[in-house]
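**Student:** Input: one structure, supplied below.
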Amino acid sequence: MSSPLTTASPSVPAKTSGPGRNTPRLRKPRKPSAGKPKRSVLLTVLTSLIVIYTVVPLIWLAINATKTQAGLADSSGMWFADDFALWDNIRDTFTYNDGVFTRWLLNTLMYVVLGAGGATFLAVLGGYALAKFDFPGKRGIFATVIGAVAVPGTALAVPTFLMFSKMGLTDTPWAVIIPSLVSPFGLYLMWVFATEAIPNELLEAARIDGAGEARIFFTVVLPLLAPGIVTVLLFTTVATWNNYFLPLIMLKDSDWYPLTLGLSVWNSQAETIGGDVIFNLVITGSLLTILPLIAAFLLLQKYWQSGLAAGSVKE
């Protein structure tokens, strides 16, 4: 005789019926797609406005550099004239006034190589020392650097002029080069970058192997700081290349003018009685002036982008 308890298998659950007996199913949350970034209408609009604000002046400059002096007055600023005079304008820019534009270009290159290059090297030395060495007065130096970053360069122009005038260095290239060697922002940037990019264990291992501090700096530290060096170099190069106010108060001899000051002199000739109106050469010279900066940003972009992301991932 079989027992009634054995009629249903214990391993198979009995089916239930009825609206109140069904077990509700919970929906699984959707996983966000990994390759689909979020879209922001506000961010898109703001980015578009920034792009327009940046690109439109460059387009205007490139278009009007193809016009003659008469074509600038007879045509729209955002479209080409009937005559294409870009190559003639370039030739006239380099040959006008006995080729003084070439002299200004060489002066600017000299100020950039000595001023911006020296400022970058000093910022690397100072930033590495502040990041990896302990010495008395370190906190005071930190406060001084932060305070110097907040002070605009124009506020220091007059005291700098008075100091260089006492030393007899005004109206010389050193009056532009020496102040350009000081870059508080570059020093602070290299300080922060060296703190994250250089492991202390690597320095200790190099010292245990018998390497001196100079060898460690040039063979171990500099390769690790390459992205930060490029970033500081770009900032100091742009600041020195576009420097206008400091040469304006320091220099009287036009043979030592940089491009910014020289083009300003050409532009002001139209305001003087009997002066040559050469707006076409001013525009062409301005276009030629920004081309090296654009080339520098494009060539060094990969190093700069890698430097901006340094220290963002914690191991």
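**Student:** Sticking with the crude label model, points 7 Å out along Cα→Cβ, report the distance from Val238 to Trp87 in nm, one decimal please.
**Tutor:** Label at Val238, label at Trp87, 3.4 nm between them.
**Student:** While we're on this one: In whole Hz, what ³J(HN,Hα) sequence does segment 166-175 give by Karplus (6.51, -1.76, 1.60; θ = phi - 60°), x for Gly and Pro?
**Tutor:** Karplus-based 3J(HN,Hα) across segment 166-175 equals 5, 8, x, 9, 5, 6, 10, x, 5, 5 Hz.
**Student:** Counting pairs of alpha carbon atoms under 8 Å apart in space and at least six apart in sequence, what relative contact order in percent does segment 42-84 give?
**Tutor:** 32 percent
**Student:** Right, something else. Report the relative contact order of segment 99-308, percent, no decimals, based on alpha-carbon pairs under 8 angstrom and at least 6 residues apart.
**Tutor:** 32 percent
**Student:** Which aspartates and glutamates, if any, have their Cα less than 19 Å from the Cα of Lys132, not counting same-chain residues under 8 positions apart?
**Tutor:** Cα-Cα hits under 19 Å: Glu196, Glu201, Glu204, Asp209, Glu213.
**Student:** Rounded to the nearest 0.05, what FRET efficiency is calculated for Arg215 and Asp134 with R0 set to 22 Å and r the Cβ-Cβ distance?
**Tutor:** With a Förster radius of 22 Å, E is 0.55.
**Student:** Then there is this: Let me know the charge dipole size of segment 122-279 about its Cα centre in debye, to the nearest 20, where only the beta-carbon of Lys, Arg (+1) and Asp, Glu (-1) is charged.
**Tutor:** I would put it at about 380 debye.
**Student:** What does the charge dipole of segment 31-142 about its Cα centre add up to, to the nearest 20 debye, if the Cβ of each Lys and Arg holds +1 and the Cβ of each Asp and Glu holds -1?
**Tutor:** Using only the charged Cβ atoms, the result is roughly 1160 debye.
**Student:** Spin-label point model (7 Å from Cα, Cβ direction): what's the Ile290 to Asp74 distance in nm?
**Tutor:** A separation of 2.7 nm, rounded to one decimal place.
**Student:** Roughly speaking, what is the centre-to-centre gap between segment 247-291 and segment 153-193 when only Cα atoms are used, to the nearest Å?
**Tutor:** A separation of 23 Å, based on Cα centres.
**Student:** Could you calculate the FRET efficiency of Leu169 with Val265 from 1/(1 + (r/R0)^6), where r is the beta carbon distance between them and R0 is 22 Å, rounded to 0.05?
**Tutor:** 0.50
**Student:** Shifting gears a bit: Tell me the label-point distance for the pair Lys252, Phe94, using the 7 Å Cα-to-Cβ offset, in nm and rounded to one decimal.
**Tutor:** My value for the distance between the label points is 3.3 nm.
**Student:** Starting from 0.36 nm per residue, how many nanometres of slack lie between Phe279 and Arg103 once their C-alpha separation is accounted for?
**Tutor:** Value of the extension gain: 61.4 nm.
**Student:** Let me ask something else. What list of ³J(HN,Hα) values in whole Hz, one per residue of segment 143-153 in order, does the Karplus curve 6.51 cos²θ - 1.76 cosθ + 1.60 (θ = phi - 60°) give from phi, with Gly and Pro shown as x?
**Tutor:** Per-residue couplings from phi come out as 5, 5, 5, 4, x, 5, 5, 7, 8, x, x Hz.
**Student:** Let me ask you something else. Order of 182-192, 89-99 by packing, highest average Cβ count within 10 Å first?
**Tutor:** Descending packing order for the listed peptides: 182-192, 89-99.
A short reminder: the numbers here are calculations on the coordinates, not readings from a lab. What you see is a predicted model, and the numbers here were worked out from it, not measured in a lab. Positions of Cβ are backbone-derived with ideal geometry, glycine not excepted, and every protein chain shown enters the neighbour counts.
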